[in-house]
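Asks: Encoded as C-alpha cells, here's the structure I'll be asking about.
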Amino acid sequence: MKNPIVIALDGTSASGKSTNAKLVAKTLSFVYVDTGAMYRTLAWHCLQKNVDIYDEKAVAAACRKWKTSLKCLEKDKLRAVYLSVDGYFPEKEIRTPETAAAVAHVAAVPKVREWMKRTQRDCIQFGNLVMEGRDIGTNVFPETDYKFYLDAALSERSARRAADGVQENLAARDQRDSQRAVAPLMIALGAKVINNSSMTAEQTSGIILEDLRKRLPAPH
Ligand code: DC
C-alpha cells in the first residue's frame, strides 16, 4: 500500500479512546493499534522477570533484550495489531491492577519510548491505521493530518473504569502521563479536541467519522 493513512487518537485514561478507535477502525476498515497495550506488555514482562520498574537502566535493558513480534489478526470484524513477547500475547495479564500500577513508570523511560516509537511506526506495514495512545499525534506520527484528542471529566472517567470493574487512581496516572520528561500527554497541534463527558461512544465516533469523511481522500 502506497502512503498508508494514520489516524491518531490520543487522550487521557478512560476518555473512550479504545472504544472509539475500534468503532472508527471498523467503519473505515482500517487496522486498529492499541499502543497502551504495548507499554502494558512491557510492564507485565518486567514484573514477570523481576525487573525493578523503578530502575530506568534495568527497564531499558529489559526492553532492549525482550523477544517480540508484531502480528495483525482479525477478531470480531476488527483487524488489530498485537505485540507478542516470546510468542505470547498477554491479553488478560496486561489489564490487572499490578500491571496498571507499573505501566506509567515503564512508559517514562526514554529508551523505552524510542523502542515503542520505532515499533509503532513499523505497524504501517499492515496498512491504514487507527492508532490510539498518548503521544501518537505529537511524537509517533506527528506528520499525520488526522489527529484527535479525547477527554472527559475525571469523575466521569473514574465512573467508566469502575463500571468496567477496575478501581484505579486515574488522577495519579494522568499526572504521571502529563508530567514525564519525554513525550508527555499533550494536545497535538491541529488536533480536534472532543470532550465526551456527556456523550455516548456512538456520538463521539460520529463526530470523528464526520470530520474524517470531509477530509480523507476517496474512497474512504
Ligand atoms: O491507554 P492505556 O491505559 O492502556 O495506557 C497504559 C499506559 O501507557 C498509560 O499510563 C500511558 C502509557 N502510554 C503512553 O505513555 N504512551 C502511549 N502512546 C500509550 C500509552
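The values are calculated or read from the model by the stated rules, or taken from the named source; none is laboratory data. Since the structure is predicted, the reported quantities are computational estimates derived from the model, not experimental observations. All Cβ positions, even for glycine, are placed from backbone atoms using ideal geometry, and neighbour counts span all protein chains on display.
Asks: Looking only at segment 114-128, filter to residues that are closer than 19 Å to N20 by Cβ and surrounded by fewer than 24 Cβ atoms within 10 Å (Cβ to Cβ); which one of those is farthest from the ligand (Cβ to nearest atom)?
Replies: In this case the residue turns out to be N128.
Asks: Those residues that are in a loop (DSSP other than H, G, I, E, B) and either within 17 Å of the chain's Cα centre (by Cα) or in contact (Cβ under 8 Å) with a residue 40 or more places away in the chain (or both), I need them from segment 163-188; list them, please.
Replies: Within segment 163-188, V166, Q167, E168, R180, A181, V182, A183, P184, L185, M186, I187, A188 qualify.
Asks: Something else now. For residues that are within 14 Å of the ligand (Cβ to nearest atom) and not hydrophobic (A, V, I, L, M, F, W, C), scanning just segment 145-166, find the one that is modelled with the lowest pLDDT.
Replies: D164
Asks: Name the pairs whose Cβ atoms lie under 6 Å apart, with the first residue in segment 73-95 and over 20 Å from I124 (Cα atoms) and touching a residue at least 24 places away in the same chain (Cβ under 8 Å), the second among the charged types (D, E, K, R) and loosely packed, with under 10 Cβ neighbours inside 10 Å, and 6 or more positions between them or separate chains?
Replies: none
Asks: So which residues in segment 33-59 are within 13 Å of the ligand (Cβ to nearest atom) and aromatic (F, W, Y)?
Replies: Matches in segment 33-59: Y39, W44.
Asks: Test E132 against the criterion of being free of Cβ contacts under 8 Å to residues at least 24 places away in the same chain and within 13 Å of the ligand (Cβ to nearest atom), and give yes or no.
Replies: no
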